[in-house]
1. Taking R0 as 35 Å, what's the FRET efficiency between residue 96 and residue 68 from their Cβ-Cβ distance, rounded to 0.05?
2. From the cross-link list 3/67; 67/94; 28/67, which pairs have alpha carbons spaced over 20 Å apart?
3. In whole Hz, what ³J(HN,Hα) sequence does the range 67-72 give by Karplus (6.51, -1.76, 1.60; θ = phi - 60°), x for Gly and Pro?
4. What are the ³J(HN,Hα) values, in whole Hz, obtained from phi via the Karplus relation 6.51 cos²θ - 1.76 cosθ + 1.60 with θ = phi - 60°, for each residue of the range 85-98 in sequence order, with x given for Gly and Pro?
5. List, in order, the whole-Hz ³J(HN,Hα) value for each residue of the range 35-51 obtained from phi through the Karplus relation with A = 6.51, B = -1.76, C = 1.60 and θ = phi - 60°; use x for Gly and Pro.
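FYI, it's all coordinate maths here, none of it is from the lab. Since this is a predicted model, take the numbers as computed values, not measurements. FYI the Cβ positions are ideal-geometry reconstructions off the backbone, even for glycines, and counts take in every protein chain you see.
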Amino acid sequence: MSKSVIIAMSLLMGSAVAASAASIDTVKERQADRIEQGRESGKITWSEGLQLHAQQNKISRTEAEFKSKGYLTTSERRELRYMQKEASENIADKKHNGWSRVWWLPRVGY
């Protein structure tokens, strides 16, 4: 292989890893926005919000642990995506489970 082909391949692989990390962060931000929107509207109660935030914190801790060596393996990326998928389903469940903050109670907590 020529030197330019090797350089091009390494650049593509590096950009794929960066894109994957960005997508994990993007999902995290989007989920945080969904939780906050649910809390503001009252569809997510205080205790549900605590549970959802705890789940988000667990995902962040797991990601930090995986990244401690400097990169994410394919299986680690897959596990993080699975955890985020579960979190997304939990957010949807909490928003549509029929529980809501009583309209006259102030919003407290997160």
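1. Taking R0 as 35 Å, the efficiency between residue 96 and residue 68 is 0.45.
2. Violating the 20 Å Cα-Cα cut-off are 3/67; 67/94.
3. Once rounded to whole Hz, the list reads 7, 4, 8, x, 7, 10.
4. With the stated coefficients, the range 85-98 comes to 5, 4, 5, 4, 5, 5, 4, 4, 4, 5, 5, 10, 8, x Hz.
5. 5, 4, 4, x, 5, 5, 7, x, 6, 10, 6, 4, 5, 5, x, 4, 4
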